[in-house]
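All of the numbers you see were taken from the coordinates with simple rules; none came from a lab. Keep in mind the model is a prediction, meaning the values are calculated, not measured. Cβ coordinates were reconstructed from backbone atoms using ideal geometry, including for glycine residues, and neighbour counts include every protein chain displayed.
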């Protein structure tokens, strides 16, 4: 399930950003570290150009051996031919990287400042943030949330009762943001900071990664430091750009094949379409249209009678696209076709697995890390698949679970704490399975009831849950997840590489590939 961001809903931007993919939301108190690190007190950057005009090199293009993406019956299709079709979609994505790189240098500076201040005081950065930011910001009241909702309801989809928790989380994040800015300014006034470049730019070669962009207390911040922090965002943009290019390339190929077939049969492409594709398009029935409406009526406004023409037209268009794709596949079988567009490969992320629940081989050469949310239906469906696959590989695989409760799931954070309380008593996996089996009943009283079902010591369990003793572990998981760009759950990494396909077959194939590669050095 993807994170829902109130920021996106009302079309506003947070001043201090972290290098996370578009769609990732600012969370509650568990995301404080990135807020302080992201706070800026420097001279504002120049105003950027409109999002549809890419103004510089994003440093995020996947390197290819040539500009040719495909060859159809001897005719080349180049990148420029495809990008002309999707430029308005690709440029804003790549501009995200350009803008993020401008901000990331300041974020790196503030991260060093924060670390230096924590070291001076002899405490952890988490403790410093808690003391200087979290404790100084009050919890927004329901009245605060209602006032904000009323002021912005024309730009927010949904009722207040459904969005209240997100509004409160958003307001608290904004108040923390302001406090974090003040704190960052106080630290910066005491520590030597030298910025050596007007703006961070991407490295052209591996050697360029050593370029020094700034120093904090005499310690260098290099181009490599900035680029490493941007890896999650860059990979996310590469994936999205690939998807747009693949869609456009497929359309281009199909159009070329359709035109070639029409020419061979001495008819127009339109006539060929009417002859071969239109007869394959079946008529949408009233029952099918009504079912689609019923399945989605919570997300649309209007009765079935009001929306019926649009619903039927949408389904008819889908049927026509399917028929066209089937005919295109038929034409491709008789064509000489080479495709060189490659899906981007995930970078290898360093993910801490110490003090986290795990099963499998203690010294396995393949480590599978899952970031999960106990209120997320997709997580509930994926968890048994992961466990089954891991079991099949025995000691060759180590399955590790980390928490990533999403902001829109009001019970998920406390549920994650509860699993830690159960783990303390040696019942993590059994307790987690109970939560996944009861995802619509995760209130605190229910969490305690499930502990009783497993025969846990209720006095110990309740005390841990009520005190929030394990919240620090959940916050650590969230902070680490944010650093590597997680924006949805479940998110799975195999030996540090993110895998999108979480089907049993795909997971087994990815693990087999990792086993062949051998353990990471």
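For the chain, what is the Kirkwood hydrodynamic radius in Å, using each pair of distinct C-alpha atoms?
That comes to 26.3 Å for the chain.
Between residue 192 and residue 64, how high is the FRET efficiency from 1/(1 + (r/R0)^6) when r is the Cβ-Cβ distance and R₀ = 30 Å? Nearest 0.05.
0.10
Which shape class, rounded, prolate or oblate, goes with the range 372-434 when its Cα gyration tensor gives a ≥ b ≥ c as root eigenvalues, a/c under 1.5 marks rounded, and past that a/b bigger than b/c marks prolate?
Oblate.
Per residue, how big is the convex hull of the range 61-187 when only Cα atoms are used? Give it in Å³.
Hull volume normalised by residue count: 199 Å³.
Before rounding to the nearest 500, sum -39500 (n - 2.57) across all DSSP H runs of length at least 4 in the chain and divide by the residue total; then give [θ] at 222 nm in deg cm²/dmol.
-17500 deg cm²/dmol
What is the gain in length, in nm to one decimal, between residue 454 and residue 288 on full extension, counting 0.36 nm per residue of separation less the C-alpha to C-alpha distance?
55.3 nm
With N denoting the number of residues in the range 358-517, provide Rg(C-alpha) divided by 2.2 N^0.38 Å, to two decimal places.
Cα-based Rg divided by the globular estimate yields 1.03.
Full-extension gain between residue 365 and residue 144, please, as 0.36 nm times their residue separation minus the C-alpha to C-alpha distance.
74.4 nm
Relative contact order for the chain: what is it in percent, counting Cα pairs under 8 Å that are at least 6 residues apart?
Reported as a whole number, the value is 20 percent.
Output the relative contact order of the range 43-177, whole-number percent, from Cα pairs under 8 angstrom with separation of 6+ residues.
Relative contact order of the range 43-177: 19 percent.
Over all Cα pairs of the range 264-309, how is the pair count split among 5 Å bins, expressed in % and running from 0 up to the last occupied bin?
Each 5 Å bin holds this share of Cα pairs: 5, 17, 20, 11, 9, 11, 11, 9, 5, 3.
How are the Cα pair distances of the range 114-223 distributed, in percent, across 10 Å bins from 0?
Going out from 0 Å in 10 Å bins, the range 114-223 shows 12, 27, 23, 22, 15, 1 percent.
Using a Förster radius of 41 Å, what is the FRET efficiency between residue 445 and residue 87 based on their Cβ-Cβ separation? Nearest 0.05, please.
That gives a FRET efficiency of 0.15.
For the range 183-240, what does the equivalent ellipsoid look like in terms of its semi-axes, each the square root of 5 times an eigenvalue of the Cα gyration tensor, given largest first in whole Å?
The answer is 25, 16, 8 Å, longest axis first.
Could you give the spread of the C-alpha atoms of the range 172-286 along their three principal axes, from largest to smallest, in whole angstroms?
Rounded to whole Å, the extents work out to 78, 45, 19 Å.
When the chain is fully extended, how far beyond the present Cα-Cα distance does residue 268 get from residue 313, taking 0.36 nm per residue of separation?
The residue 268-residue 313 span can extend by a further 13.6 nm.
Distance between Cα centroids, the range 357-393 to the range 270-288: provide it in whole Å.
The distance from the Cα centre of the range 357-393 to that of the range 270-288 comes to 44 Å.
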